[in-house]
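Colleague: One structure coming up, written as structure tokens, with questions to follow.
The values are calculated or read from the model by the stated rules, or taken from the named source; none is laboratory data. Keep in mind it's a predicted model, so treat the numbers as computed, not measured. Cβ placement follows ideal geometry from the backbone for every residue including glycine, while neighbour counts extend to all protein chains displayed. For accessibility, only protein heavy atoms count, side chains too; no ligands or nucleic acids. Shrake-Rupley method; radii C 1.70, N 1.55, O 1.52, S 1.80 Å.
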Amino acid sequence: MPDDRLDRCNTFGLPSRADRLVVARTEQALVGQLRRMASHEPLTVLGGGSNVVLRARLPGTVLLVRTRGMRLEVASDERVLLTAAAGERWHDLVRYSLGQGLGGLENLALIPGSAGAAPIQNIGAYGVELADRLVGLRAFDRASGKICRFDRTACAFGYRDSVFKSGAPGRYVILDVTLGLSTRPLLETGYPELRAELVAMGRVTPSPVDVAEAVVRVRRRKLPDPRRFGNAGSFFKNPIVTADAARRLRQANPGLVMHETPDGNMKLAAAQLIDRCGWKGRRQGAAGVWPRHALVLVNFGGAHAPDLLRLAEEIRRDVHARFGVDLVFEAQVLGQD
Ligand code: EPU
């Protein structure tokens, strides 16, 4: 990295600078760097930078995790564990595992970002979440200065959430993740769009590779390629409301999409709420809402963090005024202007 600029280190392509930028290419370098820092020193750890809004300046140290390495370990007849260094690109893991004849990650194909970032927001798509596949991970604990292990329960996963994101933010730096894969996976093809794509591909009894291919096709069709249009995937989380509130909302707004959560609440589709407020495809200068998916905010070129945040706030305000629902950012806003 020639300088301290972060423009190319975030998929929104926002202009930003680090006070100090450090790139860690090995676990030894990563841990060494962390050990040299006091636990209270400001630190931002960036993987693929695909779920962040970077303001103009990131105070303190920005650590780019670029560690590499994947290994397989046979656990039983059908079960294989894949351990990947935090800096590996998530989609490379998906491709590698499929190439080894292993299923489990096919629904999570083409999600931007790194292996180490995946547990932080518990990435998910088309009926599968990282929490369904993660067996454990290793992390550096900045509070104790030690490396520790987390099993799945200790990660306290929730919808786009984990202990790393909301329980003890900034305390742990993930070093590697271990995923449970299978030579004879049970495929999850219940998501209507995925099923329709498999039918269109003529795959009646699909393989994991077919499912990944279908996911890639659906994603490419709906979501902008960050290399062409800066974005961070879904900008907002899908809001969760009580069953009562959902009933009232549906009465007043026929056709609202909602799904029951395991604890009896209802998850609404933020994209639909935004769409119904007329925001889909609208632009405000260089920031805008993707014309093919209302949950994706886009930097059409030259936007700064405040441009995107202004747009996001206006969307939040309109959705609240019309539906009484508070949208929460999925993307994390970092730094200062
Ligand atoms: N919809 C609209 N207008 C739109 C887009 C969608 O009305 O512009 C409606 C759709 O018709 C559908 C509903 O909203 O009924 C939900 O849309 P979609 O199926 O595209 O999924 P989503 O809830 O918007 C979530 C994840 C995505 C993930 C997809 C597929 C969140 C915040 N987003 O999106 O994850 O790929 O499901 O499983 O949970 C991400 O987190 O960055 C991400 C892309």
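Colleague: Quick check on my filter: what residues within region 29-44 are open to solvent by 70 Å² or more (accessible area, probe 1.4 Å) and either closer than 26 Å to Ala56 by Cβ or not assigned by TED's automatic domain parsing to the domain that holds Arg57 (or both)?
Modeller: His40, Pro42
Colleague: Further, regarding this structure: Among (1) within 16 Å of the ligand (Cβ to nearest atom); (2) without any contact (Cβ under 8 Å) to a residue 40 or more places away in the chain; (3) open to solvent by less than 40 Å² (accessible area, probe 1.4 Å), which single condition is Arg282 missing?
Modeller: (3)
Colleague: Is one or more of the residues making up region 191-207 free of Cβ contacts under 8 Å to residues at least 60 places away in the same chain and within 21 Å of the chain's Cα centre (by Cα)?
Modeller: no
So that you can scan it fast, the table gives a plain yes or no per residue for (1) over 22 Å from Phe157 (Cα atoms); (2) within 15 Å of the chain's Cα centre (by Cα); (3) in contact (Cβ under 8 Å) with a residue 40 or more places away in the chain:
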| site | (1), (2), (3) |
| --- | --- |
| Val74 | yes, no, no |
| Ile111 | no, yes, yes |
| Gly116 | no, yes, yes |
| Ile123 | no, yes, no |
| Glu129 | no, yes, no |
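Colleague: Hey, can you tell me all the residues within region 159-169 that are away from the ligand (no atom under 16 Å from the Cβ) and either open to solvent by 50 Å² or more (accessible area, probe 1.4 Å) or touching an Asp or Glu at 6+ places or on another chain (Cβ under 7 Å) (or both)?
Modeller: Residues satisfying the conditions are Gly167, Pro169.
Colleague: Evaluate the following for Gly48: is it outside any strand (DSSP E or B), open to solvent by 10 Å² or more (accessible area, probe 1.4 Å), of a type outside the set (Lys, Arg) and in contact with a Phe, Trp or Tyr (Cβ under 9 Å, 6 or more places away or on another chain)?
Modeller: yes
Colleague: Turning to a different aspect of this structure: Out of the residues in region 250-279 that are in contact with a strand residue (DSSP E or B) (Cβ under 6 Å, 6 or more places away or on another chain) and within 11 Å of the ligand (Cβ to nearest atom), which is farthest from Phe323 (Cα to Cα)?
Modeller: Among them, the one singled out is His259.
Colleague: Can you tell me how many residues within region 213-233 are touching a helix residue (DSSP H, G or I) at 6+ places or on another chain (Cβ under 8 Å) and open to solvent by 40 Å² or more (accessible area, probe 1.4 Å)?
Modeller: Qualifying residue count, region 213-233: 1.
Colleague: Applying the selection to region 114-158, what residues are open to solvent by less than 20 Å² (accessible area, probe 1.4 Å), part of a loop (DSSP other than H, G, I, E, B) and either of a type in the set (Lys, Arg) or farther than 16 Å from Ser97 by Cβ (or both)?
Modeller: Gly116, Pro119, Asn122
Colleague: Is it the case that region 102-124 has a residue that's under 30 Å from Lys267 (Cα atoms), of a type in the set (D, E, K, R) and within 16 Å of the ligand (Cβ to nearest atom)?
Modeller: Yes - at least one qualifying residue is present in region 102-124.
Colleague: Could you please let me know if Val22 is of a type in the set (Val, Ile, Thr) and over 25 Å from Ala168 (Cα atoms)?
Modeller: So Val22 does not fit the description; no.
Colleague: Now for a separate question. Looking at Asp176 and the list (1) in a loop (DSSP other than H, G, I, E, B); (2) touching a strand residue (DSSP E or B) at 6+ places or on another chain (Cβ under 6 Å), which single condition is not satisfied?
Modeller: (1)
Colleague: Checking His91 against (1) touching a helix residue (DSSP H, G or I) at 6+ places or on another chain (Cβ under 9 Å); (2) away from the ligand (no atom under 16 Å from the Cβ), which test does it fail?
Modeller: So the condition that His91 fails would be (2).
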